[in-house]
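This report concerns only the one structure given below.
The values are calculated or read from the model by the stated rules, or taken from the named source; none is laboratory data. As the structure is a prediction and not an experimental result, all values here were calculated from the model. Please note: Cβ atoms are built from the backbone with ideal geometry, for glycine as well, and neighbour counts cover all protein chains shown. With ligands, DNA and RNA removed, areas are computed over all heavy atoms of the protein, side chains included. Shrake-Rupley method; radii C 1.70, N 1.55, O 1.52, S 1.80 Å.
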Amino acid sequence: MSRKFNIAGPCLPERHYMLDAISRLGEVLPLVEEGEYFIIHAARQSGKTTFLRAMTKKLNQSGKYYALYCSLENVQGIDDAEKGIPGIIGSLLYDLQVSSIPHSDQFAVNANSINNMSALTKVLSDFCSLLDKPFVVFFDEADGLSGLTMISFLRQLRKGFINRSDSQFVHSLSLIGMLNINEYKMQYRSESETLGTASPFNIVAKSLTLQNFSKEEVAELYAQHTADT
């Protein structure tokens, strides 16, 4: 199959003309190694998913981590945390089961008996305690969460993060979407429940973005086409 320029979905090296995905955000690997939680935000079709899948594969192949890419797209628009948090856990469960990460069959086995306000923290902590390597999670489409689901999601991740010295939890984690974390606070404020004066995800070490292709990068893509044709 001949390669083509792709504008729909993740790029695949064998099918599409593409740049080295990892090199586009070289800052991510050091953040993972340092155990940081961070944000990646960029416009649609800027290469986020292509980058995330490549980074997940690289981390798993390194032998140092268990890395998981998890899309939260199916939980978008669920304001009620009583439904949203189980939806997030379900997304994690599905992506774990199609991964090669060990003990995936034991993830969230007792989730139904845990209060949803702490269920995400609990199932992630329990799962990390089963692993012999640090666990890394990339949550794609995270900015699509809304209302109390978003608030509970962020608060539970923060709780797990700050208690890492006492119990196992995700080593490094990233939230990915079109919006920066500061915009989460503005978007999900309501009269009855807010993110508060400080974001519950104020544990972010860095906020990164994918830039548009440079002139040199565009030239490299065209050169790949020229070489093929």
Taking the options I7, I39, name whichever one is in a strand (DSSP E or B) and either open to solvent by less than 50 Å² (accessible area, probe 1.4 Å) or modelled with pLDDT under 90 (or both).
I39
For G77, work out the one condition from (1) free of Cβ contacts under 8 Å to residues at least 40 places away in the same chain; (2) small (G, A, S); (3) open to solvent by 20 Å² or more (accessible area, probe 1.4 Å) it doesn't fulfil.
(1)
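Conditions tested, residue by residue: (1) open to solvent by less than 80 Å² (accessible area, probe 1.4 Å); (2) aromatic (F, W, Y); (3) at pLDDT 90 or above.
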site: N182; (1), (2), (3): no, no, no
site: S207; (1), (2), (3): yes, no, no
site: F213; (1), (2), (3): no, yes, no
site: T229; (1), (2), (3): no, no, yes
Which residues, counting only those in the stretch 132-156, are within 18 Å of Y65 (Cβ to Cβ) and of a type outside the set (K, R)?
D132, P134, F135, V136, V137, F138, F139, D140
Quick one: is M18 surrounded by 11 or more Cβ atoms within 10 Å (Cβ to Cβ) and either more than 19 Å from H171 (Cβ to Cβ) or at pLDDT below 90 (or both)?
yes
Hey, could you check the stretch 43-74 for residues that are modelled with pLDDT under 95 and at positive phi and say which is least open to solvent (accessible area, probe 1.4 Å)?
G47
Just checking, how many residues over the stretch 4-18 are among the small types (G, A, S) and within 19 Å of D228 (Cα to Cα)?
0
All-but-one check, L120 against (1) of a type outside the set (F, W, Y); (2) surrounded by 21 or more Cβ atoms within 10 Å (Cβ to Cβ); (3) in contact with a helix residue (DSSP H, G or I) (Cβ under 6 Å, 6 or more places away or on another chain); (4) not in a helix (DSSP H, G or I), failing number (4)
